[in-house]
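The values are calculated or read from the model by the stated rules, or taken from the named source; none is laboratory data. Since the structure is predicted, the reported quantities are computational estimates derived from the model, not experimental observations. Virtual Cβ from ideal backbone geometry, glycine too; neighbours counted across all protein chains shown. We work out accessible area using only protein heavy atoms, side chains counted, and drop any ligands, DNA or RNA first. Shrake-Rupley method; radii C 1.70, N 1.55, O 1.52, S 1.80 Å.
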Amino acid sequence: MKKPIAEFIGTFTLVLFGCGAAVIAGEAIGFTGISFAFGLALIGMAYGIGAVSGCHINPAVSLGAVAAGRMTIAEAIPYIIAQIAGAIVAAAVLMVIASGTAGYEGGLGQNGWGAGYLGEYNMTAAFVFEVVATFLFMVVILGSTGTGAPSAMAGLAIGLTLVVIHLVGINVTGVSVNPARSIGPALFAGGTAIAQLWLFIVAPIIGAVAAGLLFKSGVLDAE
């Protein structure tokens with residue numbers, strides 16, 4: 001059970017601090033601060049639980065690893081269950097904390113698109129961004145953890161990539177690239193967040209699996 005527990009804790013941390021930065025401190029720190037909150041939370045967990053589970057903390061990453069041949073689907077299933085559970089518990093904790101002030105309006109950093117959501121980008125833009133961003137994120141993950149890569153730097157490279165993805169994409173979708181990160185807040189936000197949740201499950205999985213298959217094919221494997 002060590003690996004699923006590590007994945008639960010890692011995903012909990014990512015959602016609590018990443019979405020928490022948006023909900024609790026967003027006005028003070030802006031998009032840049034939120035971007036670094038997600039990235040730094042990932043970096044911390046990469047070094048905290050990486051040796052235990054590999055620090056996937058993302059169902060798309062686990063499925064990308066399956067596609068790359070680095071784990072089996074049987075190994076991935078407990079990871080995914082733990083990741084989603086960690087995200088849901090984190091969203092619940094964040095709601096309790098955020099609702100402790102009279103100014104709280106009910107948001108939990110949920111992802112979305114369209115009228116009334118941040119930059120009001122359409123569904124096509126949201127879908128393309130999530131697929132492409134997750135694909136590139138998975139390329140960095142698989143490349144920096146592959147044979148011959150400087151493993152001590154992997155957590156930093158992956159975390160900083162997540163920062164860049166958020167700097168570009170927050171205004172488009174709030175940035176998912178992680179179905180668990182989207183599921184947790186959406187379950188409590190309800191309404192549009194639930195109706196649009198499918199995109200933040202499907203698009204990241206497509207992007208991550210595509211990257212995994214590219215590595216499995218040998219196109220991006222180290223010599």
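At 25 °C and 0.890 mPa s, grab the translational diffusion coefficient of segment 15-145 from Stokes-Einstein with a Kirkwood Rh over Cα pairs, rounded to a whole number in µm² per second. Result for D is 149 µm²/s. Protection proxy ranking of 103-110, 199-206, by the mean of other Cβ atoms within 10 Å over each peptide's residues and highest first, is 199-206, 103-110. Farthest toward the positive end of the dipole of the chain, out of A22, T72, L108, is the Cα of T72, where the dipole comes from beta carbon charges about the Cα centre. The peptide list 186-197, 15-26, put in order of mean Cβ contacts within 10 Å with the highest first, becomes 15-26, 186-197. Working from Cα pairs under 8 Å separated by at least six residues, relative contact order for segment 14-139 is 26 percent. Given R0 = 22 Å, the distance between the Cβ atoms of L118 and A149 translates into a calculated FRET efficiency of 0.05. Each residue of segment 161-173 was assigned a 3J(HN,Hα) from its phi angle through the Karplus expression (A = 6.51, B = -1.76, C = 1.60, θ = phi - 60°), giving 5, 5, 4, 4, 4, 5, 4, 7, x, 4, 6, 8, 10 Hz with x at Gly and Pro. For the chain, the solvent-accessible area works out to 44 Å² per residue, with a probe of 1.4 Å and every protein chain left in place. For V128, the solvent-accessible surface with a 1.4 Å probe is about 80 Å², rounded to the nearest 10.
For segment 44-84, the orientation-averaged shadow of the C-alpha convex hull comes to 2.7 nm² (one quarter of the hull surface). Computed in the context of the full set of protein chains, the accessible area of the chain at 1.4 Å probe radius has 70% of its extent on carbon or sulfur.
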